[in-house]
Amino acid sequence: MSGDAPSRPLVIGLTGSIGMGKSTTADLFRAEGVPVYDSDRAVHELYRGPAAAQIEELFPGVTVDGVVDRARLAARVLGDGEALRRLEALVHPLVAIGRDEFLENCRRAGEPLVVFDIPLLFEIGAQKDVDAVVVVSAPADIQRARVLARPGMTEEKFAAILAEQIPDAQKRAGADFVVHSERGLDSARQEVRLILEELARRKPSR
C-alpha cells in the first residue's frame, strides 16, 4: 500500500582485522551508493567532546584541552584487558546509539541496503544485529607490512592489538562473504559488486 512506512534496510556488517583493508572496502561500498556508518569516525567524534570528560574520569591525563589524545589513551589501555573493557563499556553503547539513528534515517529515506563498518564486529557480538557479514581479509605477511608501515606503529603495539582481536581465520569462518584485499582494488570492487547483487535479492530478516 502506498501509505506503508518504508521497511528497514538490509544491514551489512563490514569488518576485518587491523591492516586488512576494511576502510578501503567501505569506500567501495560508498562508491556503489550504499550508505555506510563508520564506527571509527563515530568514536573519533565522541573523543572530541561528548565522551571525553567520562574517559578522563576513567583514565586521568588522557585528554588535552577537553579532547581525548588517542596516543595517550592507547598507552593506557593496550595490553591491559581490564582497562580496555572499561573503555569499551563506555564507548560501545554510545556508538550503538548513533548506529541506530543512522539506520532509522536510512529507513525513512527508503534505502534498501546499508553498511555498518564495525572493526570489532565479532569481538562485541554484533554479528547478531546484521543480516549479512562481510569480512575483509589478506594474508598475514601483507597485513603485517601494512600495519608496521603506519606512523608510530611498533611490533609491540601491533602484537597488543592483535591479541585483542579474533583471528582472521575465525572471522572468515563466520562470514557470509569475504573480500580479498590483497588482489588489488579492481578485484575488491568486483567482489563488492557481486556481494551487492546477491544481497539485493534478499529480504531483511527482521
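The values are calculated or read from the model by the stated rules, or taken from the named source; none is laboratory data. Since we're looking at a predicted model, the values are computed, not measured. Please note: Cβ atoms are built from the backbone with ideal geometry, for glycine as well, and neighbour counts cover all protein chains shown. Note: accessible area is taken over every heavy atom of the protein model, side chains too, but ligands, DNA and RNA are not part of it. Shrake-Rupley method; radii C 1.70, N 1.55, O 1.52, S 1.80 Å.
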Angle between the chain longest axis and helix 185-199 axis [Cα atoms, degrees, rounded to 10]: 50 degrees
Accessible area per residue in Å² at 1.4 Å probe, computed on the chain: 52 Å²
Beta bridge orientation in the chain: antiparallel %, DSSP, nearest 5: 10 percent
Cleavage-rule hits (trypsin sites (Lys or Arg not before Pro)) in segment 4-84: DSSP loop, at most 13 neighbouring Cβ within 10 angstrom: Arg48
Three semi-axes of the equivalent ellipsoid, segment 137-206, Cα gyration tensor, whole Å, largest first: 29, 16, 10
The chain - convex hull of the alpha-carbon atoms, volume per residue in Å³: 132 Å³
Residue among Leu103, Val115, Ile142 farthest towards the positive dipole end of segment 58-158, charges placed on Cβ: Ile142
Choice from Glu82, Glu123, Glu191 with maximal GNM fluctuation in the chain (Cα, 10 Å cutoff): Glu82
For the chain, calculated [θ]222 nm from helices alone, where every DSSP H run of n ≥ 4 adds -39500 (n - 2.57): -15000 deg cm²/dmol
3J(HN,Hα) from dihedral phi, segment 23-40, Karplus parametrisation 6.51/-1.76/1.60, rounded to Hz, x for glycine, proline: 5, 5, 5, 4, 5, 5, 5, 4, 5, 8, x, 8, x, 10, 8, 8, 5, 4
Radius of gyration and maximum dimension Dmax of segment 68-141, Cα, Å: 15.4, 43
log₁₀ of I(q)/I(0) at q = 0.16, 0.32 Å⁻¹ - segment 33-84, Debye sum with one point per alpha carbon: -0.49, -1.26
With every protein chain in place, segment 74-206: carbon and sulfur % of accessible area (1.4 Å): 53 percent
